[in-house]
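Contents: one structure, followed by commentary.
The values are calculated or read from the model by the stated rules, or taken from the named source; none is laboratory data. Source: prediction; values computed, not measured. All Cβ positions, even for glycine, are placed from backbone atoms using ideal geometry, and neighbour counts span all protein chains on display. Please note that ligands, DNA and RNA were not included when accessible areas were found on the heavy atoms of the full protein model with its side chains. Shrake-Rupley method; radii C 1.70, N 1.55, O 1.52, S 1.80 Å.
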Amino acid sequence: MKDLSHAPFIEELCDTTDNMYRLGWNERNGGNISILLRDEELAPYLEGNDPILRDLPLAVPFPQFAGRYFLVTGTGKYFKNVSRHPDVNLGLIRISEDGSIAHLLWGYSQGGSTTSEIVMHLGAHWQRLQVDAAQRVVMHAHPANTIAMTHIHPWEDKAFTLSIFGTCTECIVIFPDGIGILPWMISSSPSIGLASAEKFKEYRILVWALHGCTVTGTTLDEAFGLLETVEKGAEIYMKTYLAPNRCGIDIGMLRDVAEAFTLQVKPGLLD
Ligand code: 2HA
Ligand code: ZN
């Protein structure tokens with residue numbers, strides 16, 4: 001395997017982790033990203049019979065991804081450090097034939113493994129690919145306002161989505177398919193991974209109560225933009241929800257936006 005450090009997909013991931021860190025979404029080792037790489041973007045870096053550096057067992061097997069390559073942030077690694085040392089903080093894995101092992105081909109050069117949320121990532125990739133074959137990015141972060149909102153708002157998909165839609169006009173335009181919420185669960189567990197995968201059948205955006213937010217996208221930019229817009233809505237919500245003269249965007253106004261922009265709003269959301 002040739003050195004991937006300057007591959008375009010690594011450089012883009014480094015820019016993204018830098019931006020996420022500077023926005024305060026990924027403190028310490030918080031957050032994780034995975035990208036399902038296309039064979040053609042990886043081909044220039046493969047050398048035929050690339051040696052497996054280490055085998056990393058998966059708690060839940062994903063035979064449906066046998067032979068597929070993922071670029072994944074490492075467990076315990078800091079987003080703050082990814083761009084300076086991509087080979088330490090990122091790993092390129094290939095899923096084994098039976099789906100139970102991630103073969104490490106590059107990265108995690110000072111030890112370590114894939115993100116602790118790998119079951120959620122692989123589950124989310126699989127479910128979103130069934131909906132849209134172009135979706136290749138799963139991005140998890142801890143944006144403060146989104147988490148804060150889950151302290152004061154019911155954990156209910158439709159109500160949470162409408163509260164965010166009510167904050168600024170752009171939200172319904174950017175994610176008319178809404179936001180799913182998972183009640184508080186132990187993070188990094190196979191059970192939160194599998195429960196999340198269920199929600200990703202329906203949503204591209206999943207808020208984990210009292211923890212953070214995960215989005216899926218076709219590109220890093222698209223996923224980043226979703227997170228950014230959810231967090232902007234949550235910030236406005238947190239700044240205004242106690243104001244006695246708060247107005248907000250009501251259902252009638254949301255219907256007008258949906259019509260003006262011919263949005264594919266999730267059925268039932270604006271009823
Ligand atoms: O990577 O964000 O959810 C640390 C986490 C766990
Ligand atoms: Zn997290």
In region 96-127, residue surrounded by the fewest Cβ atoms within 10 Å (Cβ to Cβ) [restricted to those that are over 20 Å from Ser188 (Cα atoms) and in contact (Cβ under 8 Å) with a residue 60 or more places away in the chain]: Leu105
Condition met for Glu47 (within 20 Å of the chain's Cα centre (by Cα) and of a type in the set (D, E, K, R)): no
Tyr69 being of a type in the set (Phe, Trp, Tyr), modelled with pLDDT of 95 or more, open to solvent by 10 Å² or more (accessible area, probe 1.4 Å) and touching a strand residue (DSSP E or B) at 6+ places or on another chain (Cβ under 9 Å): yes
Verdict on Lys266 being surrounded by fewer than 22 Cβ atoms within 10 Å (Cβ to Cβ) and assigned to a helix (DSSP H, G or I): no
Selection count, region 101-145, where residues are closer than 24 Å to Asp55 by Cβ and hydrophobic (A, V, I, L, M, F, W, C): 12
First in region 133-146 and part of a helix (DSSP H, G or I), second anywhere and within 16 Å of ligand 2 (Cβ to nearest atom) and open to solvent by 10 Å² or more (accessible area, probe 1.4 Å), Cβ under 7 Å, 6 or more apart: Ala144/Gly24; Asn145/Glu231; Thr146/Glu231
Number of the exception - Ile93 against (1) in contact with a Phe, Trp or Tyr (Cβ under 7 Å, 6 or more places away or on another chain); (2) open to solvent by less than 10 Å² (accessible area, probe 1.4 Å); (3) more than 16 Å from ligand 2 (Cβ to nearest atom); (4) more than 30 Å from Gly67 (Cβ to Cβ): (4)
Within region 185-229, tally of residues that are surrounded by 15 or more Cβ atoms within 10 Å (Cβ to Cβ), within 15 Å of ligand 1 (Cβ to nearest atom) and of a type in the set (Val, Ile, Thr): 4
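Table: residues versus (1) in contact (Cβ under 8 Å) with a residue 60 or more places away in the chain; (2) within 16 Å of ligand 1 (Cβ to nearest atom); (3) assigned to a strand (DSSP E or B); (4) surrounded by fewer than 18 Cβ atoms within 10 Å (Cβ to Cβ).
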position	(1), (2), (3), (4)
Leu4	yes, no, no, no
Ile10	yes, no, no, no
Leu13	yes, yes, no, no
Gly24	yes, yes, no, yes
Ile33	yes, yes, yes, no
Pro44	no, no, no, yes
Lys77	no, yes, no, no
Asp87	yes, no, no, yes
Matching option when the condition is assigned to a helix (DSSP H, G or I) and more than 26 Å from Leu13 (Cα to Cα), among Glu228, Glu198, Glu222: Glu198
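Which residue out of Ile172, Ile181 is touching a strand residue (DSSP E or B) at 6+ places or on another chain (Cβ under 8 Å) and open to solvent by less than 20 Å² (accessible area, probe 1.4 Å)?
Ile181
Only residues that are acidic (Asp, Glu) and touching a helix residue (DSSP H, G or I) at 6+ places or on another chain (Cβ under 6 Å): list them for region 8-37, please. Don't jump to the end; show me each part of the working.
Residues of region 8-37 acidic (Asp, Glu): 11-12, 15, 18, 27.
Passing the criteria: only Glu12.
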Among (1) in contact (Cβ under 8 Å) with a residue 60 or more places away in the chain; (2) open to solvent by 10 Å² or more (accessible area, probe 1.4 Å) - the single one Ala234 does not satisfy: (2)
